[in-house]
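See structure below.
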Amino acid sequence: MSRAQQNRVAITGNEAVALAMKQVEPDVVAAYPITPQTDIVQYFSSFVADGEVQTEFVTVESEHSAMSACVGAAAAGARAMTATSANGLALMWEVLYIAAGLRLPIVMPVVNRALSAPINIHCDHSDSMGARDSGWIQLYSEDAQEAYDNILQAVRIGEHPDVLLPVMVCLDGFIISHSLENLKVLDKEQVTAFVGDYRPDARLLDAKRPITVGALELQDFYFEHKRQEAEAMVRSAPIIEAVADEYARLTGRKYSFFEAYRMDDAEVAVMVLNSAAGTARAVVDQLRRRGVRAGLLKLRVFRPFPGAALAEALAGLSVVGIMDRAEGLSAAGGPLFVEVRSALLGRPRHPLVLNHIYGLGGRDVGPDQIEQVFADLLRAAEAGEARQQVTHIGVRD
Amino acid sequence: MTTLKELAARPERLSGGHRLCAGCGASIVIRQLLAAVDNPMVVGCATGCLEVATTIYPYTAWRTSYIHSAFENVAATISGVEAAYKALRRRGAVAEDFRFIAIGGDGGTYDIGFQALSGAMERGHRMLYLCYDNQAYMNTGIQRSSATPLGAETTTSPVGSVLPGKSRPRKDLTAIIAAHDVPYVAQAAPHRWRDLVTKGKRALDTDGASFMNVLAPCPRGWRFDPAKTIEILTLAVDTCFWPLFEVSEGRWTLSYRPKEKVPVAEFLKVQGRFRHLFKQQNREVLAAAQAEVDRKWEALLRRVEG
């Protein structure tokens, strides 16, 4: 594949998502509006109204029905997409598991927003983190470019015959969804060629070979099918890598499970998801100028969780600060922290792991807060122990 | 008009060997419905008796394509299937003239699936939603639903020392769906099989959303001899407890008018779930049950004549 000519556009995160959906042109989009995802549904409605896509657009009466309609459409043999945020994702919860369990490769942008209560429309990751064990692949996006790129790759990853799992593409509400950004995009024809056709082995709409989807499985079969689903999640890792390679050849933009920024000789580092990576990168640069051996690990793929590779990447650090934009409410730290620490366990040498919970409900996270995290890491590095394992930063006492 | 001989010659689309109880009304309803047209079809089932009894992996009783996803979402699931059909047909990936049927019990339809049903009807998907109404949550062990009649005993409206069974009358779901102004709505009962099959065909020939509410007696929940399903249905209709009618393009028509309106007590007394209503202390409830049937029947007649 030769490098594609790309167009430069200045659009918001939600526009980038809608553009990716338009270029993929799924057979069915079933969606329901919720802040901050709403733009996506509106843009897509316009594409339909202007005849720019041939997609059947189902304006459902709830997110539960959005995901249910996607399940029906995908089982019927169609490529199906939706998009949501926060409480909308929570309302889908039951059907998320069904989409994954039925092995339907639905692609869903999730514009991250805090879950109620208190009701709040701004960014944090409590919504997608709540769905982390639903059997969906989860890709996180630092900016609009990554959200666009991830959506195109998500279609290929989910539909790969070795995978057949639904994929969530997460991006930060407002911070990314509503900010204007310069990005490079492909032409529709290039996207069509990249994503290919969805050709499931069996589909409801095969008159010659009718099928039963969603049978009742009891003690004798449920377990085998759940294990197959778990194995598909494991198998998705090399597919994610292969799709990223192909996408890099097409666009020049190379993605992996995570980005290790100035990690080679780092002593302390923070780990983040999504938009905070940009701020953290700037802080790392600043600290480096001051002689601090600081680094950043930006995780792109949370499911499947790249535990072994992460442990390898973090092995040389003295201290790592896992920044969670979600409170696990577990009394044991945020979800990212718990998983990273567990991935490190059992290795002969591993860094001290601290957890910093930040930015809940859209609380702005500036360089000062990330500097504060690094100060905490450096203190722990010097002392050889943490004053406190889980710290909430940027919050009033 | 379909003859019994013709119906019997149609391919069986719900095979025998499923695990529904002897005397269950649901399987009779579904077999009649599936015989109504020859088109290939996709059937969706809400969680419930019909679903659990017909698709115990690795077996399926369905000789049509079939999907189950959850309890409250069959209307939305079939919305997605129908949307997929339109998209795939447009791009030449499906050639056949499919039909789409969403099936739920009364729990999955009147109650938990009501929102998804209302949405699908409003959007006008070309689907038939069929409710097999057995008047309680039978699959989980006979709990009251909003389709449970006044005075009926269920495990969540038990007859106690102070309460005489369910304290509220039924929700009139058929009228509610008719109020959605979908092109075709009907109420039917499988002892009048020709009427049911004819309505099924009309519904499935409708270019848009259609709805059928069909009474499906449950010998376990209603507590009667499984051999008496058809007799009980006859009483339900002849007492006007379950009138047969259709609403086609907004026009209400009666499908059957009993020669003589039988007192509802005749229908109630053959079922264990109403046994307590015949005790002296519950006379008022029995009278209220009759008054409710009369009120609804008269309202229906006004709609038919108006």
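The values are calculated or read from the model by the stated rules, or taken from the named source; none is laboratory data. Because the structure is predicted, anything quoted here is derived from the model rather than measured. Glycine gets a Cβ as well: all are built from the backbone with ideal geometry, and neighbour counts include every protein chain shown. All accessible areas refer to the heavy atoms of the entire protein, side chains included, with ligands and DNA or RNA removed. Shrake-Rupley method; radii C 1.70, N 1.55, O 1.52, S 1.80 Å.
Taking every protein chain into account, the 1.4 Å probe leaves A:VAL155 with about 0 Å² of accessible area, to the nearest ten. Inter-chain neighbour count for B:47-53: the average number of beta-carbon atoms from partner chains within 10 Å of each residue's beta-carbon is 1. Annotation: per residue accessible area for region B:4-305 equals 40 Å², rounded to a whole number [probe 1.4 Å, protein chains only].
For region B:14-116, applying the loop criterion from DSSP together with a ceiling of 16 other beta carbons within 10 Å to the trypsin sites (Lys or Arg not before Pro) yields B:ARG19, B:ARG63, B:ARG91. Candidate cross-link partners of B:LYS228 among the lysines, defined by an alpha-carbon separation under 23 Å and a same-chain spacing of 8 or more, comprise B:LYS259, B:LYS261, B:LYS269. Per residue, the convex hull spanned by the alpha carbons of region A:258-392 comes to 101 Å³. Placing +1 on the Cβ of every Lys and Arg and -1 on the Cβ of every Asp and Glu, with nothing else charged, gives chain B a dipole about its Cα centre of roughly 280 debye. Excluding ligands, DNA and RNA, the accessible surface per residue across chain A is 39 Å² with a 1.4 Å probe. The contact between chain B and chain A removes approximately 3100 Å² from the accessible area (both sides summed; 1.4 Å probe; ligands, DNA and RNA excluded). For region A:258-392, the fraction of 1.4 Å probe accessible surface lying on carbon and sulfur atoms is 48 percent. Rounded to the nearest 10 degrees, the inclination of helix B:114-123 to the longest alpha-carbon principal axis of chain B is 40 degrees. Looking at the protein assembly as shown, the DSSP beta bridges with both ends there are about 25 percent antiparallel. About its Cα centre, the dipole of region B:13-151 is roughly 400 debye, where the only charges are +1 on Lys and Arg Cβ and -1 on Asp and Glu Cβ.
For chain B, calculate the relative contact order in percent as a whole number, restricting contacts to Cα pairs under 8 Å that are 6 or more residues apart. Don't skip to the end; give the middle numbers.
Working: 598 pairs, mean separation 50.8, N = 306.
The normalised contact order for chain B reaches 17 percent.
Counting other Cβ atoms within 10 Å, which trypsin sites (Lys or Arg not before Pro) in region A:263-339 have at most 15 and lie in a DSSP loop? Numbers along the way, then the final one.
Numbers: sites: A:ARG281, A:ARG288, A:ARG289, A:ARG290, A:ARG293, A:LYS298, A:ARG300, A:ARG325; in loops: A:ARG290, A:ARG293, A:ARG300, A:ARG325.
Here the trypsin sites (Lys or Arg not before Pro) that fit, given the DSSP loop and packing criteria, are A:ARG290.
Shielding by partners for B:56-66, please: the mean number of other protein chain Cβ atoms within 10 Å of each residue's Cβ. It would help to have the intermediate numbers written out before the result.
Details: counts 6, 10, 5, 3, 6, 1, 4, 2, 5, 13, 7.
The mean count of partner-chain Cβ atoms within 10 Å per residue comes to 6.
Taking chymotrypsin sites (Phe, Trp or Tyr not before Pro) across region B:48-111, the ones in a DSSP loop with at most 15 further Cβ atoms lying within 10 angstrom of their Cβ are B:TYR59. Peptides A:199-209, A:32-42 ranked from most to least packed, by the mean per-residue count of other Cβ atoms within 10 Å: A:32-42, A:199-209. Pairwise Cα distances in the protein assembly as shown exceed 37 Å for 46 percent of all pairs.
Ranking B:ASN282, B:VAL262, B:LEU233 by how far each Cα lies toward the positive end of the dipole of the protein assembly as shown (charges on Cβ) leaves B:VAL262 at the top.
Roughly what % antiparallel, to the nearest 5, for the DSSP beta bridges in region B:4-305? Working shown, then result.
Working: 11 of 36 bridges.
DSSP beta bridges in region B:4-305 are roughly 30 percent antiparallel.
The mean of 1/r over all distinct Cα pairs in chain A, once inverted, gives the Kirkwood hydrodynamic radius of 21.5 Å.
Which of the residues in region A:8-56 lose at least 20 Å² of accessible area when you go from the chain alone to all protein chains together (probe 1.4 Å)? In region A:8-56, residues shielded by partner chains: A:ASP27, A:VAL28, A:GLN54, A:GLU56. Please name the residues of region B:113-143 whose accessible area, counted over protein heavy atoms with a 1.4 angstrom probe, falls by no less than 30 Å² between the chain alone and the full protein assembly. Residues of region B:113-143 that lose at least 30 Å² of accessible area once the other chains are added: B:GLN115, B:ARG123.
What translational diffusion coefficient, in µm²/s and rounded to a whole number, does the Stokes-Einstein relation yield for region A:57-101 at 20 °C and a viscosity of 1.002 mPa s, taking the hydrodynamic radius as the Kirkwood radius over Cα pairs? Walk me through the intermediate numbers first.
Numbers: Rh = 10.5 Å.
For the chosen part, D equals 204 µm²/s.
For region A:7-251, the carbon plus sulfur part of the accessible surface works out to 54%, probe radius 1.4 Å.
The residue among A:PHE47, A:LEU183, A:CYS123 whose Cα reaches farthest toward the positive pole of the charge dipole of chain A, with charges on the beta-carbon of Lys, Arg, Asp and Glu, is A:LEU183.
Taking 21 Å as the cut-off for C-alpha to C-alpha distance, list the pairs among A:LYS22/A:LYS298; B:LYS171/B:LYS296; A:LYS208/B:LYS86; B:LYS5/B:LYS201; B:LYS171/B:LYS279 that go past it. The partial results should precede the final answer.
Values: A:LYS22/A:LYS298 28 Å; B:LYS171/B:LYS296 11 Å; A:LYS208/B:LYS86 18 Å; B:LYS5/B:LYS201 17 Å; B:LYS171/B:LYS279 26 Å.
Distance filter (> 21 Å) returns A:LYS22/A:LYS298; B:LYS171/B:LYS279.
Solvent-accessible area of B:HIS180, all protein chains in place: 60 Å² (probe radius 1.4 Å, heavy atoms, ligands and nucleic acids excluded).
Within the accessible surface of chain B, defined with a 1.4 Å probe on protein heavy atoms only, the carbon and sulfur portion equals 51 percent. Mean separation of Cα pairs under 8 Å and 6 or more residues apart, divided by the residue count, gives chain A a relative contact order of 16 percent. Each Lys and Arg adds +1 at its Cβ and each Asp and Glu adds -1 at its Cβ; summed about the Cα centre, the protein assembly as shown shows a dipole of about 1720 debye. Build a GNM of chain B with springs between Cα atoms under 10 Å apart, and of B:GLU153, B:GLU72, B:GLU260 the one that fluctuates most is B:GLU260. Mean per-residue shielding of peptide A:201-209 is 6, counting Cβ atoms of other chains within 10 Å of each Cβ. Taking Cα atoms only, the orientation of helix A:63-76 departs from the longest principal axis of chain A by about 60 degrees.
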